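Only one structure is covered here, and it is reproduced in the block below.
Values quoted throughout were computed directly from the atomic coordinates according to the rules given, and no laboratory measurement underlies them. Everything numeric here is computed off the predicted structure, so don't read it as measured data. Glycine also receives a Cβ, built like all others from the backbone with ideal geometry; neighbour counts cover every protein chain displayed.
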Amino acid sequence: MSQISAHISDLRKSYERAELSEDASHSSPLLQFDQWLQEAVNAQVNEPNAMTVATVGNDLRPSTRIVLIKGYDERGIVWYTNYGSRKGTELAGNPFAALQFHWVELERVVRIEGRVERVSDEESDAYFHSRPLDSRIGAWASPQSQVISGRGVLVANAAKYGAQFLLNPPRPAHWGGFRLVPDRWEFWQGRKSRLHDRLRYELHHREWLRERLAP
Ligand SMILES: Cc1cc2nc3c(=O)[nH]c(=O)nc-3n(C[C@H](O)[C@H](O)[C@H](O)COP(=O)(O)O)c2cc1C
């Protein structure tokens, strides 16, 4: 084992950069998210648009992976993927999911929960066609989450679809967007002495109820 294994429990830091108060936060969680995402981009944190997506399979086992947020508005949070992937099949069986952003440098976390739906074909088409050519070919070349015999399968598939579609690959039917429609958000700001700030927003009769949670 490496040296770190003996010392991993000593790794800790104090969070002291900022605070999150009821007075200084938005009453709309979407606006609060918009502000924090903008601040994460301004602070040049690494991959501010990367989020964890948690889904639960038919066997009730949760699973997570990281994807990139590609849109957000009053309707929800959008990302793109292969509908036949593990996450895609889990969402087909159970549409409830959870998202998480961790902006380490800002000592901030956002958690978002809700029901997931597919975005419209028009929306998926528009985003697909905005992607670079190799990404569009990649969507054809990778049977995401399937077992493959080796890397050569991907290289061969990419060559095959590249030759077939040339500069204009259409969007594969198995590839498109998901939108999580939030009914619960949480904003976490690290504070000194582990007395962190946590504000949770829950949808009650179409109004957002904001409550403070103990850290
Ligand atoms: C920073 C980052 C961004 C990623 N973005 C996406 C994405 O937008 N869509 C996607 O399908 N996979 C993305 N991936 C790959 C996923 O994490 C994951 O490997 C893949 O979606 C298969 O997950 P699944 O087998 O659980 O369905 C990204 C990975 C990283 C590290």
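Could you list, in sequence order, all residues of the range 103-115 that are of a type outside the set (Asp, Glu), surrounded by fewer than 17 Cβ atoms within 10 Å (Cβ to Cβ) and part of a helix (DSSP H, G or I)?
Start the filter on the range 103-115 by keeping residues that are of a type outside the set (Asp, Glu), which leaves 103-104, 106, 108-112, 114-115.
Now narrow it down to the ones that are surrounded by fewer than 17 Cβ atoms within 10 Å (Cβ to Cβ): 104, 115.
Val104, the sole residue that qualifies.
Exactly one of (1) surrounded by fewer than 18 Cβ atoms within 10 Å (Cβ to Cβ); (2) over 21 Å from Trp185 (Cβ atoms); (3) among the hydroxyl-bearing types (Ser, Thr, Tyr) is unmet by Ser27. Its number?
Looking at each condition in turn, Ser27 falls short on (2).
List the strands (runs of 3 or more DSSP E) that sit entirely inside the range 32-78 and contain at least 1 residues that are in contact (Cβ under 8 Å) with a residue 12 or more places away in the chain, of a type outside the set (D, E, K, R) and closer than 17 Å to Asn94 by Cα.
50-56, 62-68
Of all residues being within 8 Å of the ligand (Cβ to nearest atom) and of a type in the set (Phe, Trp, Tyr) in the range 63-99, which is farthest from the chain's Cα centre (by Cα)? Just the residue, please.
If we take residues in the range 63-99 being within 8 Å of the ligand (Cβ to nearest atom) and of a type in the set (Phe, Trp, Tyr), then Tyr80 is farthest from the chain's Cα centre (by Cα).
Do you know which residues across the range 89-101 are under 27 Å from Ala40 (Cβ atoms) and buried (at least 16 other Cβ atoms within 10 Å of the Cβ)?
Passing the criteria: Leu91, Ala97, Ala98, Leu99, Gln100, Phe101.
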